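**Student:** Please read through the structure below; I'll follow up with questions.
Read the figures in this text as sums done on the coordinates, not as results from a lab. Remember, predicted model here, so these are calculated numbers, not experimental data. Neighbour counts are summed over all protein chains in view; Cβ atoms, including those assigned to glycine, are modelled from backbone coordinates with ideal geometry.
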Amino acid sequence: MEAYLVAIAIIGAIYVLLALGLTVQYGLTGLVNFGHVGFFAIGAYASALISMQGVPLVLSFVCAAAIAALVAWPIGLVALRLRDDYFAVVTLGFSETVRLTITSEKWLTNGVQGIPGVPRAFAGLGVGMPGALATLGAIALVCLLAALMLRRIAGSPFGRVIEAIRDNEDALRALGKDPARFKIQVLALGAALAGVAGAFYAHYITYLSPDQFIPLVTFYVWMAMIMGGVGRVSGAVVGALLLMLFLEGTRFLRDLAPDLISAVDMASVRLGAVGLALILFTLFRPQGLVGDYTRR
Amino acid sequence: MFGQLLIAGIVHGLIIGLAALAVTLVFGVARFPNAAAGDTMTVGAYAGFAAHRASGSLLLAGGAAVVAAGLVSLLGYLLVFRPLARRPVAALLVAAIGVAFLIRAVLGLIFGHQQHVFQVPLAWPIEVMGIRIPPMDITLAAVAACALAAAFGVLHLTSIGRQMRAVADDPDLARVSGIRPLRVMVALWLLAGAAAGVAGLMLGVKTVVSPEMGWEGLLTAFAAAILGGIGSPIGAVAAGLLLGVAQEISTPIVGFTYKIALAFAVMLAVLLVRPRGLFGRVEGVR
């Protein structure tokens, strides 16, 4: 039971990191990133492949963040020039292209067979509880740092500029600020957070395959962010917890009555529930559960 | 070999063109990229499949696909997109993803996740100048041509079609000219749904019917709509044909899995170099 709780806490914390990345991109800056899972995948594969060359994990984590941020750079250059709706389509296409590349480039990623035996984080403490607890401690610390950083950013001049990009880009331009630079930085920052989340995922699950990085993951994070409340750090955390409750709850329900509903049907129910949640929240509660009530 | 791929590309391109037509109609008038268009295709494929299994007639299958996909599309508009019309475009985008997931989930629950194949009679391919053409491809091309003719007939020869194009050109001017938006929107979503339904049915006959088929075709449809120029029905079809042929011809070179990546690359290039596409009007995409 404790092992199970630690396991879902770790996955939950990975979603918190992902949701924080999306919060800085969409919540604060208004960039509609529909390809978050692409950066998550890049971080996971980068850290796994680099660490399997014998590089220490600390370094491979840094590489994961750096590579994800580096990939965000060209996407940012594109983003400067596109309206929200086009940007959403482009990022969605980006994440699918990442997945297809992972599937196709077998020499690097072993294709659909995936990469087994990714080095476990804190392997020195053994496979059981101590290692898992250490992982949880590490990721909780990273989450805390990221949350504090975002808080700090939101209150800083930089934060005011990116919120202005979200609210009225033309007015900002009229004031002599260049939104381009800020958008690229924000995209890279969110991507780096997703990359670190990917690295934690890789070294915790220890097995990677392209089907773990489908667009559904992106929209899990969107659902978490929207449920928790867009544009707030606490919203990302609350939303990720609600998401875990939902994901584990549906699994638990099926385990209670395995004859009642098959695994694939449960996957459909889950997909439908995500869809319905996205629709209902945007329709009736766009500010989320703990959203900023002073503003629409 | 080249001729063979060209024929396959044209049939595939007609499917993409119909799907892109659905995307571009909605994008041009309702002004957001409808991510549920792909899954509306899937609705058409399953409705057609069920009708075909029950009756054995491809004609009935086509009717079922048009009706079912049109209705689902209209329902999506009335229940979700209409209430969100005055909200930021991000809300519409997220809601469209929600609709897409919901449709796919319901189809998965009703029809199961295994792939279905249309039981169509096998026939010897016809040989024309050394190129072997399966008769089914000719049938499908004819179906697509009829569907496109019907869609363009509605757009250009009927009053409601003219109104649609007027709203697409300038919504405010259309409103002050006395065009009632609700009627136009209902017709628009029905038409877009029907086009997607026929595309889905054709894709199902050509390949297999599965809950993921439409979602997987979505990016290619977006790419064709953007390449053709948003809001331009002719452009969507022309770009669909271009992309279909390009995908088939490139498959032996870059491999099967990069089909979607090719569409993505084309989309990026168009957006960066010529955002109004082949036939689009000048409009800010930035």
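**Student:** Which order do the peptides A:31-43, A:86-98, B:118-130 come out in when sorted by mean C-beta neighbours inside 10 angstrom, highest first?
**Tutor:** Per-residue mean Cβ counts within 10 Å order the peptides as A:31-43, A:86-98, B:118-130.
**Student:** What order do you get for B:LYS206, B:LYS259, A:LYS106 when you list them from fewest to most C-beta neighbours inside 10 Å?
**Tutor:** A:LYS106, B:LYS206, B:LYS259
**Student:** In whole Hz and in residue order, list the ³J(HN,Hα) couplings for the range A:25-31 that follow from phi through the Karplus curve 6.51 cos²θ - 1.76 cosθ + 1.60, θ = phi - 60°; x for Gly and Pro.
**Tutor:** 6, 8, x, 8, 9, x, 7
**Student:** Right, next: So if we plug the beta-carbon distance of B:GLN114 and A:ARG160 into 1/(1 + (r/R0)^6) with R0 = 60 Å, what FRET efficiency do we get, rounded to 0.05?
**Tutor:** Efficiency for this residue pair is about 0.65.
**Student:** Hey, if you put +1 on the Cβ of every Lys and Arg and -1 on every Asp and Glu Cβ in the protein assembly as shown, which of B:GLN4, B:VAL72, B:SER159 ends up farthest toward the positive end of that dipole?
**Tutor:** It is B:SER159.
**Student:** Give a residue-ordered list of calculated ³J(HN,Hα) values for the range A:141-156 (Karplus: 6.51 cos²θ - 1.76 cosθ + 1.60, θ = phi - 60°; whole Hz; x for Gly, Pro).
**Tutor:** 4, 4, 4, 4, 4, 5, 5, 4, 4, 5, 4, 4, 4, 4, x, 8
**Student:** Picking from A:GLY12, A:MET1, A:VAL24, whose Cα lies most toward the positive end of the charge dipole for the range A:1-126 (charges on Cβ: Lys, Arg +1; Asp, Glu -1)?
**Tutor:** A:VAL24
**Student:** Now for a different question. In a shell of Cβ-Cβ distance under 13 Å around A:GLU96, excluding A:GLU96 itself, what net charge do Lys and Arg (+1) and Asp and Glu (-1) give?
**Tutor:** -1
**Student:** Where the only charges are on Cβ atoms (+1 Lys, Arg; -1 Asp, Glu), what is the dipole of chain B about its Cα centre, to the nearest 20 debye?
**Tutor:** The dipole magnitude comes to about 740 debye.
**Student:** Suppose every Lys and Arg Cβ carries +1 and every Asp and Glu Cβ carries -1, with no other charges. What dipole size does the range A:2-212 come out with about its Cα centre, to the nearest 20 debye?
**Tutor:** 380 debye
**Student:** Taking the dipole about the Cα centre of chain A, with the C-beta of Lys and Arg at +1 and of Asp and Glu at -1, give me whichever of A:SER95, A:LEU133, A:ILE165 is farthest to the positive side.
**Tutor:** Farthest towards the positive end: A:ILE165.
**Student:** OK, next. Please order B:LEU157, B:LEU201 by the number of other Cβ within 10 Å, starting at the fewest.
**Tutor:** Ordered by Cβ neighbours within 10 Å, fewest first: B:LEU157, B:LEU201.
**Student:** Based on Cβ point charges of +1 for Lys and Arg and -1 for Asp and Glu, what charge dipole magnitude is obtained for the protein assembly as shown about its Cα centre, in debye rounded to the nearest 20?
**Tutor:** 1280 debye
**Student:** Okay, moving on. Please identify, among B:GLY204, B:GLY63, B:GLY214, the residue showing maximal mean-square fluctuation in a Gaussian network model of chain B using a 10 angstrom Cα cutoff.
**Tutor:** Among B:GLY204, B:GLY63, B:GLY214, the largest mean-square fluctuation in the Gaussian network model of chain B belongs to B:GLY63.
**Student:** Then there is this: Pull out a ≥ b ≥ c, the square roots of the eigenvalues of the alpha-carbon gyration tensor of the range B:12-121, then state rounded if a/c is under 1.5, prolate if not and a/b is larger than b/c, and oblate in the remaining case.
**Tutor:** Note, shape of the range B:12-121 comes out prolate.
**Student:** Right, next: Name the shape class, rounded, prolate or oblate, that the alpha-carbon gyration tensor gives for the range B:66-182, where a ≥ b ≥ c are the square roots of its eigenvalues, rounded holds for a/c under 1.5, and otherwise prolate holds if a/b is larger than b/c and oblate otherwise.
**Tutor:** The shape class here is oblate.
**Student:** Need the full-extension length gain, A:MET52 to A:ALA257, defined as separation in residues times 0.36 nm minus the C-alpha distance. One decimal, nm.
**Tutor:** Stretched fully, the A:MET52-A:ALA257 segment lengthens by 69.8 nm.
**Student:** Translational diffusion coefficient, Stokes-Einstein: compute it for chain A using the Kirkwood radius over C-alpha pairs as Rh, at 37 °C and 0.692 mPa s, and state it as an integer in µm² s⁻¹.
**Tutor:** For these conditions, the coefficient is 168 µm²/s.
**Student:** Within a Cβ distance under 15 Å of B:TRP124, other residues only, what is the Lys/Arg minus Asp/Glu net charge?
**Tutor:** Value of the local net charge: -1.
**Student:** So, in nm, how far is label B:ILE126 from label A:ILE8 when the simple model puts each one 7 Å beyond its Cα toward the Cβ?
**Tutor:** Placing both labels 7 Å along Cα→Cβ, they lie 6.1 nm apart.
**Student:** Okay, next question. Between B:ARG82 and A:GLU248, what is the label-point separation in nm under the 7 Å Cα-to-beta-carbon projection?
**Tutor:** The answer from the label model is 4.2 nm.
**Student:** Across the residues of A:74-86, average count of Cβ atoms on other protein chains within 10 Å?
**Tutor:** Mean partner-chain Cβ count within 10 Å for A:74-86: 4.
**Student:** Sticking with this one: Pop a pseudo-label 7 angstrom from the Cα along the beta-carbon direction at both A:ASP167 and B:ALA150 and give the gap in nm to one decimal.
**Tutor:** Result: 5.1 nm between the two label points.
**Student:** Largest first and in whole Å, give the semi-axes of the range A:122-197's equivalent ellipsoid, each being the square root of 5 times a Cα gyration tensor eigenvalue.
**Tutor:** The three semi-axes for the range A:122-197 are 38, 12, 7 Å.
**Student:** Name the long-range amide H neighbours of A:LEU289: under 5 Å, sequence gap of 5 or more, or other chain; modelled H, no Pro or chain starts.
**Tutor:** Correct list: A:GLY228, A:GLY229.
**Student:** Further question: Please report, in Å, the Rg and the Dmax of the range A:23-62, where both are computed over Cα atoms only.
**Tutor:** 13.6, 40
**Student:** If you line up the Cα atoms of chain B on their principal axes, what length do they span on each, largest first, in Å?
**Tutor:** 58, 44, 34
**Student:** Right, another one. Each residue of the range A:67-74 in turn: what ³J(HN,Hα) in whole Hz from Karplus with 6.51, -1.76, 1.60 and θ = phi - 60°, glycine and Pro shown as x?
**Tutor:** Per residue, the Karplus-derived 3J(HN,Hα) values read 5, 4, 5, 5, 5, 5, 4, x Hz.
**Student:** Take every residue in peptide B:102-112, count the Cβ atoms of other chains within 10 Å of its Cβ, and give the average of those counts.
**Tutor:** If you average over the peptide's residues, the count of other-chain Cβ atoms is 5.
**Student:** Another question, if that's okay. How big is the protein assembly as shown in terms of Cα radius of gyration and Dmax, in angstroms?
**Tutor:** Spelled out, the Cα radius of gyration and Dmax of the protein assembly as shown are 24.0, 75 Å.
**Student:** Same structure again: How would A:PHE200, A:PHE182, B:PHE152 line up from fewest to most surrounding beta-carbon atoms within 10 angstrom?
**Tutor:** Final ranking by Cβ density, sparse to dense: B:PHE152, A:PHE182, A:PHE200.
**Student:** Taking the alpha-carbon centroid of each part, what is the distance from the range B:133-153 to the range A:18-66 in angstrom?
**Tutor:** 46 Å
**Student:** Find the centroid of the Cα atoms in the range A:162-228 and in the range B:191-246, then give the distance between the two in whole Å.
**Tutor:** 29 Å
**Student:** Under the definition of partner shielding as Cβ atoms of other protein chains within 10 Å of a residue Cβ, what is the mean value for peptide B:21-32?
**Tutor:** Average per residue, whole number: 1.
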